[in-house]
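Reviewing the structure listed below.
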Amino acid sequence: MSDTVIETRGLTKEYVRDEFHVNALKDVDISIAAGEFVALMGPSGSGKSTLLHLIAAMDRPTRGEIRVLGQDLRALSDRAIARWRNERVGFIFQSFNLIPVLTAIENVELPLKLTNLSKKERMDHASTALRLVGLGDRLGHLPRQLSGGQEQRVAIARAIVTDPDLILADEPTGNLDAASAEDVLVLLSKLNKEYGKTIVMVTHDPHAARFATKVRHLEKGALLPEGQPELSASM
Amino acid sequence: MAIPIAYNLRNLIVRKTTTVMTALGIGLTVAVLVADLALVNGLRQAFRSTGNPMHVLVLRKGGTAELSSAMSRTVYQDLKTNPGIARDSSGQPMASLEMVAVISLTGIDSPHGMNVSLRGLDPMGKRLRDVPILYGRWYQSGRREIVVGRSVALRYPQAQLGKQIRFGKGMWDVVGVMDAGPSAFNSEIWGDLNQIASDFNRQDTASSVLARALDAAAVPALVNSLNDDPRLNVTAMREQIYYDNQTNAGAPLQILGMFVSIVMAVGSSFAAMNTMFAAVSRRAMEIGTLRVLGFSRFSILTSFFFESLLLAGIGGLLGCLLALPLNGMTTGVGSFTTFSEIAFNFRVTPAVMIPGVVFALILGAVGGLLPARSAARQEILVALREG
């Protein structure tokens, strides 16, 4: 039986925006096993990004339990969460979020700056990660010297350089053309199938979801039963 | 520091215009401070270079300044027999009776007139001070001839070699220009004691006596001996101490300069703060990303704080460069002791520039703390959304 990587019980997130009370997530129970590639789908405002952010400990739930990689995230301090995320989680953003003044290899090296590796070891790891994503010849390029697809591949390299147990991707193909998007999805699929990485990907693109091994749908903050598409898609 | 320094340095380079403007603002503040410190440093150097460690200056009892001291020739005759005073090869005591007065000269910076020290020395006085002549020759005894210090010749056109100056009872010929190095003697005019005393109707009373001790170690004993001699009724002190005490002429300048610098610093630190707040706002997405990657709030704070220090450090160095051309420039200040002008050079030295750079860093620290704190306190999702 696979290990459970992510487990939530009654996970709820509410917040107040101006004077409006918003239920971003309502009583979400989800269980994701090691080695799965799960796509979270749903229309805008369905809570999929909120769920991803809670899994990444970028936000704290209002109610409910959440255990990720065996860790109860509610019990960790800010500093402990930062260390945990650096060691165990890789995050891929929709807008790549590369640091503009750092080169590709320096961007990928960033998470390793928090480890005890020497400079040489960090650069070796970073260049290996960049070669893995097919950018071995772009080490010294700044983000503005790369295409969108290349930038996202640098971001993927940055996400995997610490060899994390869990990769979280928030609309990783949202800002890419079709060809670049395909490259990114193939890469993610490779990371899952060949390297056994557990991946949770938020997407609204059904084509992207086809690369996942499992698809879960959210609608208006609620997680739909497995196998049930969202109401808006089924109509 | 976990976040690479290259991140901060390159961000300053990428925003060249903002960086230059802010650094320039800080630099101007530092330049004012360094200029002020250089001025005071030059003044102190001038006084500290004046005075021989083997010399004792003797004034009337309780006197603090040569100008207000009255030394009779009779006292001088008794004083110079003190066994603690060195003798030259012919057995003459190495003690000089001198008269100090002030005359008014019009100059480049003082069209309405400025007091300049006039010193009448006997031949031993010239030997004791051993100041070289730069142009012309020494004055001759019994003649209405004077030698001016190099700073006097520079600042007062009427006191240049070959010219004449009117003071006392008539005209005096400038026959030489002396170079006393950085010392205060460069701000004086020297002439024959008897001729000058006659012009000022002070044939019986001079101002002071300068005496050389047997050696440097014997100076304290000579000072005590002269002070304790009831016949003389004088106040003796090391010549160096007499001039050291005059460095208080720089105190008002120093206070004024510091005040102006602090006022400017308030403005400059707000400029630095504004620049850093803008940087934090512009780089919100980067801050959020760094937090997601695992960098702590403290790392963010130290990174932005360091960037502010870097910016201020650049400003500090710029300020030192702006002040550097002042080095060696001559200026003058009125002394409350001699009631005359002391000319001296600005001295921009590392001892003056280092406090300037430190001042800039303090300014950067004050200006950078709040923005750095703001960067560190941002919540991840808010930061990512703002980017």
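Please treat every number below as a calculation from the coordinates, not as lab data. Values in this document were obtained by computation on a predicted structure and should not be read as measured data. In this analysis, Cβ positions are derived from the backbone assuming ideal geometry, glycine residues included, and neighbour counts consider all displayed protein chains.
Would you mind computing the Rg to Rh ratio of segment B:55-212 from its alpha-carbon coordinates, Kirkwood style for Rh? Please report the intermediate quantities before stating the final value.
Values: Rg = 15.4 Å, Rh = 15.9 Å.
That ratio is 0.97, to two decimals.
On average over all directions, what projected area in square nanometres does the protein assembly as shown have, based on the convex hull of its Cα atoms?
Numbers: hull surface 164.3 nm².
Its Cα hull, projected and averaged over all orientations, spans 41.1 nm².
Quick one: Cα convex hull volume of chain A, Å³ per residue? All intermediate terms of the calculation are to be shown ahead of the outcome.
Working: hull volume 32.9 nm³, N = 235.
That works out to 140 Å³ per residue.
How high is the relative contact order of segment A:160-233? Use alpha-carbon pairs under 8 Å, at least six apart in sequence, and give a whole percent.
Numbers: 69 pairs, mean separation 20.1, N = 74.
Normalised by residue count, the contact order of segment A:160-233 is 27 percent.
Where the only charges are on Cβ atoms (+1 Lys, Arg; -1 Asp, Glu), what is the dipole of the protein assembly as shown about its Cα centre, to the nearest 20 debye?
On the way: 63 positive and 56 negative charges, 222 e Å.
Dipole magnitude for the protein assembly as shown comes out near 1060 debye.
Report the relative contact order of chain B, percent, no decimals, based on alpha-carbon pairs under 8 angstrom and at least 6 residues apart.
Computed over chain B, the figure is 29 percent.
Taking the alpha carbon gyration tensor of chain B, what are the square roots of 5 times its eigenvalues, largest first, to the nearest whole Å?
They are 60, 22, 15 Å, listed largest first.
Please arrange B:T302, B:T106, A:T50 by how many other C-beta atoms lie within 10 Å of their C-beta, fewest to most.
Working: B:T302 16, B:T106 13, A:T50 24.
Least to most surrounded, the residues fall as B:T106, B:T302, A:T50.
Where the centroid of each part is defined by its Cα atoms, how far is segment A:79-100 from segment B:205-253 in Å?
Centre-to-centre (Cα) distance: 74 Å.
Rounded to the nearest 10 degrees, what's the angle between the helix B:16-48 long axis and the longest principal axis of chain B, both from Cα atoms, 0 to 90?
Once rounded, the angle reads 20 degrees.
Arrange the peptides A:151-160, B:66-75 so that the one whose residues have, on average, the most other Cβ atoms within 10 Å appears first. Before the final figure, lay out each step's value.
Details: A:151-160: 26.5, B:66-75: 17.4.
Packing proxy ranking, top to bottom: A:151-160, B:66-75.
In the P(r) worked out for segment B:145-214, what percent of Cα pairs fall beyond 17 Å? List each step's numbers first, then the result.
Values: 1190 of 2415 pairs.
So the portion of pairs separated by more than 17 Å is 49 percent.
About its Cα centre, what dipole magnitude does chain B give when the only charges are +1 on Lys and Arg Cβ and -1 on Asp and Glu Cβ, stated in debye to the nearest 20? Kindly include the intermediate steps, with their values, before the conclusion.
Working: 34 positive and 25 negative charges, 168 e Å.
Once rounded to the nearest 20, the dipole reads 800 debye.
Hey, fewest Cβ within 10 Å first, where do A:V184, B:V358 land in order?
Values: A:V184 24, B:V358 13.
In increasing order of surrounding Cβ atoms, one gets B:V358, A:V184.
If each DSSP helix of 4+ residues adds -39,500 (n - 2.57) and the sum is divided by the residues in chain B, what number results at 222 nm, nearest 500 deg cm²/dmol? The partial results should precede the final answer.
On the way: 13 runs with 190 residues, N = 387.
Taken over chain B, the calculation gives -16000 deg cm²/dmol.
In debye, nearest 20: dipole of segment B:55-212 around its Cα centre with unit charges on the Cβ of K, R (+) and D, E (-)? The partial results should precede the final answer.
On the way: 19 positive and 14 negative charges, 19 e Å.
In total the dipole reaches around 80 debye.
Only helical DSSP H runs with n ≥ 4 go in: add -39500 (n - 2.57) per run for chain A, normalise by residue count and round the 222 nm mean residue ellipticity to 500 deg cm²/dmol. Provide the component values of the computation, followed by the final result.
Working: 8 runs with 76 residues, N = 235.
When only DSSP H runs of four or more count, the value is -9500 deg cm²/dmol.
Between B:G120, B:L317, B:A217, whose Cα lies farthest towards the positive end of the dipole of the protein assembly as shown when Lys and Arg beta carbons carry +1 and Asp and Glu beta carbons carry -1, centred on the Cα centre?
The one lying farthest along the dipole's positive direction is B:G120.
Sort A:K220, A:K193 so the one with the fewest other Cβ atoms within 10 Å of its own Cβ comes first. Don't skip to the answer; put the middle values down first.
Working: A:K220 16, A:K193 12.
If I rank by nearby Cβ atoms, fewest first, I get A:K193, A:K220.
Obtain the radius of gyration and the Kirkwood radius of segment B:263-387 from its C-alpha atoms and give Rg over Rh.
Details: Rg = 20.8 Å, Rh = 16.8 Å.
For segment B:263-387, the value is 1.24.
Quick one: Cα centre-to-centre distance for segment B:289-335 and segment B:119-187, in angstrom?
Segment B:289-335 and segment B:119-187 have Cα centres separated by 47 Å.
Which entries in A:K26/A:K197; A:K113/A:K190; A:K48/A:K197; A:K119/B:K16; A:K13/B:K16; B:K126/B:K169 show an alpha-carbon gap greater than 32 Å?
Numbers: A:K26/A:K197 28 Å; A:K113/A:K190 26 Å; A:K48/A:K197 20 Å; A:K119/B:K16 29 Å; A:K13/B:K16 43 Å; B:K126/B:K169 24 Å.
Over 32 Å apart, Cα to Cα: A:K13/B:K16.
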